[in-house]
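The values are calculated or read from the model by the stated rules, or taken from the named source; none is laboratory data. Fair warning: this is a prediction, and the values are worked out from it, not measured in the lab. So basically every Cβ, Gly included, is an ideal-geometry build from the backbone, and we count neighbours across all protein chains shown.
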Amino acid sequence: MRFPTIKGPTVLLALVAAMLVALVGLPLLALLPRMGALHALPGEADALGNTVLLGLGTTLFALGIGGPMGFALARARLFRGADLLLVLPYVTPPYVSTIAWMMLANPTTGWLTPYLPVDIYTLGGMIWVLGLHLAPFVATTVRDALTRLDPALEEAAWLSGASRLRTLFSVTVPALLPAWVAAATLVFASTVASFGVPWMLGAPAREPVPVLSTRIVEVLELGWVQGRPLATSLAMVLLVLGLGVPLLLRRLLAGRAWSGARSVRPLVPTDKPWATALVAAWGVLAVAVPTFTLLVASFTDKGAFSLVHWARVAGDARIVDALSRSTVVSAGVATLTVGVGGFVAWAATRGGRSAGAVAGLARAGLAIPGSVLALALLLAFSQEVRVIVAERATFTLALADTAWLLGLAWFVRFLALPVDIVGAGTRNVHPSLEEAARVAGAGPLRALGTVTVPLLAPALANAWFLVFVGAICEVTLATMLAGPRTPVLGTMLFQLQTYADPRAACVLGVGLSALLVGGTALSRRFVR
Amino acid sequence: MPLLLLLLSACRVEFGPAAEIAPMNVGEKAEVWVYTSMYQHVLDAMDPIVAERLPGVTVRWFQSGSEKVAQRWEAEHEAGQSPACVVATSDPAWYVDLDTRGLLVPYVSPRAVTIDRAWVTPTWSTVRLSFMVLGAPPAGGPARFSDLAGPEWKDRFSSGDPLSSGTTFTTLAALDATYGWDFVQQLYTNGWMAAGGNSAVIARMESGERPVGIVLHENLLAKGLPATIPADGAVAVPGPVAIPTDCRAKDAAKQVIDWLYTDEAQALIVAGAMYSPFPELAPPTGGPPLAELPRFPTPPDFWTTTAAGAPALKERFRALVR
């Protein structure tokens, strides 16, 4: 029995759709008339090819590492803090970890170069750095999906005589498909739109590796009037790529995924030596080596031990101000994003095409480079909007140079995360559970709040964390949109990295990672 | 719905007849937005002083790289109007372009008329000077830009990316104008790494990855790193200041520009390791006096031709390195 009429959610979805049209659709529409120089697009084939390779390579790499890591975290008995170790590369701003890998693996003086034939200034180097950064996306999504999976399904397969391996591929992996697809689409979209890592690693190469996001910035640097038509066209190509490939992936896998009710009796984690080895290897390669490199760099000045970089950060009172503002705005954005994105994801999973279109709009923000998104938002919202009531009161919406505009930008940017992560979770929660609540007399929203939301708690928490960290570490939108009176950590990182002291930026990056990991550990203890 | 409430709470509410609300004023003060690439610590030092010297003006700073400032201003201008009343970055070609498009208010601060004529136009004037030099020890390093084409410096030098760093682009344009494109090609053949901004160049110098850099003199001075003033001259990069026509507080903007030319403002610029365009003022600590600084020769119409030819030159460079 199905319950096709859901008036309350439909009204809510319409409101969300209107909001997304205003926040995502209008800025993108503002860009459309500015497209041009289409004749020059064929000349950008190399950038398009590199972008596709980078996106696919990073996605495969992150899935290859993150999938088994997620499995290990959900099913293996690991040492304490293993889950925190897992997320550490994600909570380190990517360009800070890029600095570490440049020091380790540049072809001339890299610390690893005498021992290993490595060159970080390659497409492979970009895939390595971005893959390590984004693998936690995959791991946490897979871990949450496994936590929701009813172990009775796998046990049934074992009792029927299936081997562990066969059970894995015939039961577990298909059950995890929604999570895999969600993670893959997020990694792909994030990668193709990423700018900092390709910029830092692609340009110094002997044969530079242009990608669409770096070309857009290069073209804009040609001059606004001359460069903007081609830059806008390239941004639209990138948008189509960032949305189209994930859509294709979903279509290909449609019907192959199936739902299972949440586990009422989770599998007891067991000792799995391979899992311990995998997490330990991750700890060394993705965490210890770059963190140690950053620490050494942060304590070194002109080849000698020095505290000058730490002193610079400690002595800057604005950093505390920026940290507190970033925390508040990021937490607000994460909460709003998870609320709205979670609802859209649920509606898209349970509803029809219109909800799917809203979800598609929600994903757009992640698929375009930050600089283009910032310019689109500036075009749409840089002017004051005044509403005069009865000639006596004027409501002035002046978002430019306020934390509000930055908050909206982050909302647009990261909305795709809860849409895909919670969407994957929703697909694992069978509609029969909500239908049971409806049969018992609950309204659609009550069924959602009392049945689905509690079941999706891990996915919601995961999405909140990923959005919060993504926002607090974000630099591109922050430098373009944060006002002079409202500095955030991203603007401080940019200041240090670009002008003052790149190694002090490392200090701030490492300190931020430590704070985030410490905060996560504390909150878990508090929640327990 | 929550977002609508948030937007509503983001509104500023003013009571009284709408016509009485002055859009660019804060209380009785005129508000002047300065979009600049000057270093944040210089702005931090300027902020309280300018507030004291210009009690009728509230100065707001937007600080970012020259290119980001230009992109932001252009986007705002295209959307209707930019709030910027003063722009002060270090990409003269952009000012030439704005001037050509009729987007700058003709204004020269009275004191600016005394500086080098090459750095003053009817619509923009130079408020600070930067120089691109060689980041290398004076002994044992390359003595001039032209040395970088020699085999002893193969794969040992780097610069910022001319496609994204305004100061590096100016250097590329100067080298092209004076030594010709063949020299640029020689540099590339000799392993010129052109990536990132000036801070990236310094990072590569410090790590030894590329021990020689084509880099801003002020960045080297600020970090206490060895600098070589090239024998063929340091490439001067003027830092223009101008008033865009979008500005709604032009008189106040002129006051701010006038203050930027005062000795106390110039002293703060010099304290930030940049040069004042007034040769009588002291150079930054560790730098030679302005009059003794050899300047890389450029044609008289350098900025006009550079502004007009910037897209073509950038495309040519991109084609070379790709």
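Structure data summary
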{"item": "Residues of the stretch A:205-248 classified as part of a loop (DSSP other than H, G, I, E, B), in contact (Cβ under 8 Å) with a residue 12 or more places away in the chain, within 16 Å of A:Leu54 (Cβ to Cβ) and within 11 Å of chain B (Cβ to nearest Cβ), total", "result": "3"}
{"item": "Meets criteria (surrounded by fewer than 21 Cβ atoms within 10 Å (Cβ to Cβ) and of a type in the set (A, V, I, L, M, F, W, C)) for A:Val91", "result": "no"}
{"item": "Test for A:Thr327: is it closer than 30 Å to B:Asp44 by Cβ, in contact (Cβ under 8 Å) with a residue 12 or more places away in the chain and not assigned by TED's automatic domain parsing to the domain that holds A:Asn462", "result": "no"}
{"item": "Qualifying residue in the stretch A:189-197 (condition: surrounded by 24 or more Cβ atoms within 10 Å (Cβ to Cβ), within 14 Å of another protein chain (Cβ to nearest Cβ) and within 23 Å of the chain's Cα centre (by Cα))", "result": "yes"}
{"item": "From A:Val24, A:Val96, residue being within 29 Å of A:Leu493 (Cβ to Cβ), of a type in the set (Val, Ile, Thr), modelled with pLDDT of 80 or more and in a helix (DSSP H, G or I)", "result": "A:Val96"}
{"item": "Criterion (under 30 Å from B:Asp301 (Cβ atoms) and either at the interface with another protein chain (Cβ under 8 Å from one of its Cβ atoms) or among the β-branched types (Val, Ile, Thr) (or both)) met by exactly one of B:Ala177, B:Ala194, B:Ala200", "result": "B:Ala194"}
{"item": "Set B:Gly56, B:Gly80, B:Gly135, B:Gly141: member being modelled with pLDDT under 90 and touching a strand residue (DSSP E or B) at 6+ places or on another chain (Cβ under 7 Å)", "result": "B:Gly141"}
{"item": "Residue, surrounded by the fewest Cβ atoms within 10 Å (Cβ to Cβ), within the stretch B:170-189, restricted to residues that are of a type in the set (S, T, N, Q) and free of Cβ contacts under 8 Å to residues at least 60 places away in the same chain", "result": "B:Thr189"}
{"item": "Elements of type helices (runs of 4 or more DSSP H) contained in the stretch B:207-318, each with 1 or more residues being more than 17 Å from the chain's Cα centre (by Cα) and assigned by TED's automatic domain parsing to the domain that holds B:Leu175", "result": "B:217-223"}
{"item": "Residue in the stretch A:461-468 that is touching a residue at least 24 places away in the same chain (Cβ under 8 Å) and within 14 Å of another protein chain (Cβ to nearest Cβ) present", "result": "no"}
{"item": "Filter result for B:Met46 (under 30 Å from A:Leu496 (Cβ atoms), modelled with pLDDT of 55 or more and in a helix (DSSP H, G or I))", "result": "yes"}
{"item": "Hits in the stretch B:75-108 - residues which are in contact (Cβ under 8 Å) with a residue 60 or more places away in the chain and within 14 Å of B:Lys254 (Cβ to Cβ)", "result": "B:Cys85, B:Val86, B:Val87, B:Ala88, B:Leu104, B:Val105, B:Tyr107"}
{"item": "Test: residue in the stretch B:219-231 that is closer than 18 Å to B:Ala312 by Cβ, touching a strand residue (DSSP E or B) at 6+ places or on another chain (Cβ under 9 Å), surrounded by 19 or more Cβ atoms within 10 Å (Cβ to Cβ) and more than 14 Å from chain A (Cβ to nearest Cβ)", "result": "no"}
{"item": "Matching entry among B:Arg111, B:Arg117, B:Arg156 (being within 17 Å of B:Arg210 (Cα to Cα), surrounded by fewer than 24 Cβ atoms within 10 Å (Cβ to Cβ) and of a type in the set (Lys, Arg))", "result": "B:Arg156"}
{"item": "Selected residue (only one of B:Arg210, B:Arg248 is of a type in the set (Lys, Arg) and free of Cβ contacts under 8 Å to residues at least 60 places away in the same chain)", "result": "B:Arg210"}
{"item": "Residue in the stretch A:312-324 that is nearest to the other protein chains (Cβ to nearest Cβ), counting only those that are part of a helix (DSSP H, G or I) and either touching a residue at least 12 places away in the same chain (Cβ under 8 Å) or of a type in the set (Ser, Thr, Tyr) (or both)", "result": "A:Arg318"}
{"item": "Selection from the stretch B:51-90 of residues that are at the interface with another protein chain (Cβ under 10 Å from one of its Cβ atoms), assigned to a loop (DSSP other than H, G, I, E, B) and either under 20 Å from B:Arg128 (Cα atoms) or under 20 Å from the mean Cα position of the chain (by Cα) (or both)", "result": "B:Ser64, B:Gly65, B:Ser82, B:Pro83"}
{"item": "Pairs, first on the phi < 0 side of the Ramachandran plot in the stretch B:139-156, second assigned to a helix (DSSP H, G or I) and of a type in the set (A, V, I, L, M), C-beta under 6 Å, six or more apart", "result": "B:Pro142/B:Leu148; B:Leu148/B:Leu187; B:Ala149/B:Leu187"}
{"item": "Test set (1) surrounded by 16 or more Cβ atoms within 10 Å (Cβ to Cβ); (2) at pLDDT 85 or above - A:Asp301 fails condition number", "result": "(2)"}
